[in-house]
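Have a look at the structure below, then the notes.
Where a number appears in this text, it was derived from the coordinates with a stated rule and is not lab data. Remember, it's a predicted structure, so these values are computed and weren't measured experimentally. Backbone-built Cβ (ideal geometry, glycine too); neighbour counts: all protein chains shown.
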């Protein structure tokens with residue numbers, strides 16, 4: 001049996017390879033679908049091939065004491081799934097069971113020369129030195145990262161992590177160490193009318209040498225093909241093998257209207273800010289991109305996401321938000337059925353508007369199958385699983401998103417959301433703090449803290465957190481509504497009524513979700529009025545109705561026949 005030797009983050013045995021950094025098992029270059037626990041067992045066994053790993057050690061590392069599961073059932077099921085994924089037979093055996101003792105890996109690990117398996121694309125420098133052109137350089141950086149991330153055999157640092165190094169002057173070897181990558185791509189971009197010039201260079205930071213450098217000048221119409229051309233050149237230089245599917249994907253890039261592409265980059269620039277103001281600015285740019293080029297699938301997906309999130313914050317009515325977002329996502333898929341972003345957009349809008357959890361799960365799985373590195377799909381899928389009551393699976397999906405985008409403040413907030421769904425308030429607050437460490441102005445995290453404090457009867461801290469969220473994103477009905485509920489539950493009926501009156505005035509001119517009115521009324525102990533608003537919420541397809549299964553604030557209604565009727569209509573799994 002071969003002795004174990006580290007091959008970077010990738011371990012190969014037989015026709016399989018385990019990419020530990022990406023958390024993926026691949027068979028002949030194709031990803032094998034494997035749940036988190038079986039994958040973790042494989043990683044642990046590969047740490048000491050040929051040696052017994054006791055069941056107790058697996059329990060300690062994979063099923064910690066605060067996880068409430070049947071360990072024997074869990075480990076037996078996980079080993080079964082692992083063996084199915086590896087195709088274990090008497091003739092070809094990788095995992096051996098030692099009854100009542102544990103397991104060991106008995107396959108042969110191959111010795112191969114280490115290869116470059118990870119890289120980071122640093123923010124392209126804007127040579128125009130015009131701050132108003134930053135969106136263009138940032139957008140092209142993100143596009144190149146996204147294109148390279150489609151190569152299954154390569155770990156590419158996320159956009160959020162890469163953008164932390166914008167304008168930072170550090171030795172490249174130090175940056176590579178912080179990002180845990182083998183090589184770095186850096187370069188410049190210069191926009192002149194409808195022409196774009198990109199220079200890129202690939203640097204081996206361990207040897208402090210240039211592996212490759214090239215300059216490209218193209219018409220903006222060909223920018224999509226240019227991104228693929230650069231990605232393939234980098235893949236050739238680092239000797240990463242492209243699968244036939246990846247080659248076909250790179251070869252399918254068409255042309256795009258220059259003005260549409262520019263508008264799309266501006267839309268994505270503001271979308272990435274993840275604020276109410278940013279959402280508002282992103283929508284017209286995505287709309288402009290679609291008008292200029294009705295065949296530009298990514299623009300439809302971008303607009304769908306902006307409308308969905310706006311509706312969830314009660315900034316748009318359902319018919320203008322998630323209903324329209326669903327239609328846009330379907331249009332994107334008519335143009336390009338292989339677009340992972342569009343499948344995730346469709347899943348998200350379908351869940352919030354149609355309350356169709358089965359269809360949403362199917363679309364999320366398709367999105368992840370097409371692009372396992374798309375962090376937003378894992379994030380949203382994890383939150384969906386949490387709302388469905390499948391909390392353990394929800395944690396797993398969001399943790400995958402965090403591994404893919406470790407510097408994003410939104411990802412730990414999403415994990416806090418899933419913990420909140422499971423009513424694990426202590427864990428949820430920990431993740432909110434982690435999100436705020438990454439972004440002290442993250443509205444989502446302050447709002448989530450307020451909801452958690454409210455549900456645990458800590459009204460003073462709830463009001464402080466929700467007031468801070470309102471300061472950061474003023475005028476968001478969802479935040480204002482929960483602030484009213486906090487005042488009501490704290491016993492300040494005057495302040496609660498003032499907020500209720502304020503939202504009533506708002507509703508004459510703009511959309512305010514019926515769910516929000518229901519939440520304030522139940523906090524004021526007006527059960528009949530709360531139930532009336534929930535009936536309206538279901539009829540009008542209010543987005544937050546899918547919270548009903550998780551929301552502590554409605555616990556006092558759960559024995560009411562009218563509430564139970566609404567829950568049956570919602571068709572929770």
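Structural remarks
- With both labels modelled 7 Å from their Cα along Cα-to-Cβ, the residue 291 to residue 201 distance reads 4.3 nm.
- Segment 418-464 shape via C-alpha gyration tensor axes, a/c threshold 1.5: oblate
- Most tightly packed first, judged by the mean number of other beta-carbon atoms within 10 Å of their residues, the peptides 311-318, 331-338 read 311-318, 331-338.
- Cα centroid separation, segment 464-489 to segment 92-109: 55 Å.
- Rg/Rh ratio calculated on Cα atoms of segment 118-245 (Kirkwood radius): 0.94
- Stokes-Einstein diffusion coefficient of segment 441-573, Kirkwood radius over Cα pairs, 10 °C, 1.306 mPa s, in µm²/s: 107
- FRET efficiency, residue 218 to residue 180 (Cβ-Cβ, R0 30 Å, nearest 0.05): 0.40
- Net lengthening on full extension, residue 426/residue 209 (0.36 nm per residue, minus Cα-Cα): 73.3 nm
- Using the empirical formula 2.2 N^0.38 Å as the baseline, the Cα radius of gyration of segment 10-105 reaches a ratio of 1.04.
- Sites residue 559 and residue 532, calculated FRET efficiency, Cβ-Cβ separation with R0 25 Å, nearest 0.05: 0.90
- Among 279-286, 238-245, 546-553, 299-306, the peptide with the highest mean count of other Cβ atoms within 10 Å heads the list, and the full ranking is 299-306, 279-286, 546-553, 238-245.
- Inter-probe distance in nm under a simple model that places probes 7 Å from Cα toward Cβ, at residue 253 and residue 12: 2.8
- Residue order, fewest to most beta carbons within 10 Å, for 322, 407: 407, 322
- In this simple spin-label approximation, residue 28 and residue 495 carry label points 7 Å from Cα along the Cα→Cβ vector, and these lie 6.6 nm apart.
- In the chain, the convex hull through the Cα atoms has an average projected area of 27.2 nm², a quarter of its surface area.
- Secondary-structure-derived ellipticity at 222 nm for the chain, considering helices only, amounts to -17500 deg cm²/dmol, per-run term -39500 (n - 2.57) for DSSP H runs with n ≥ 4.
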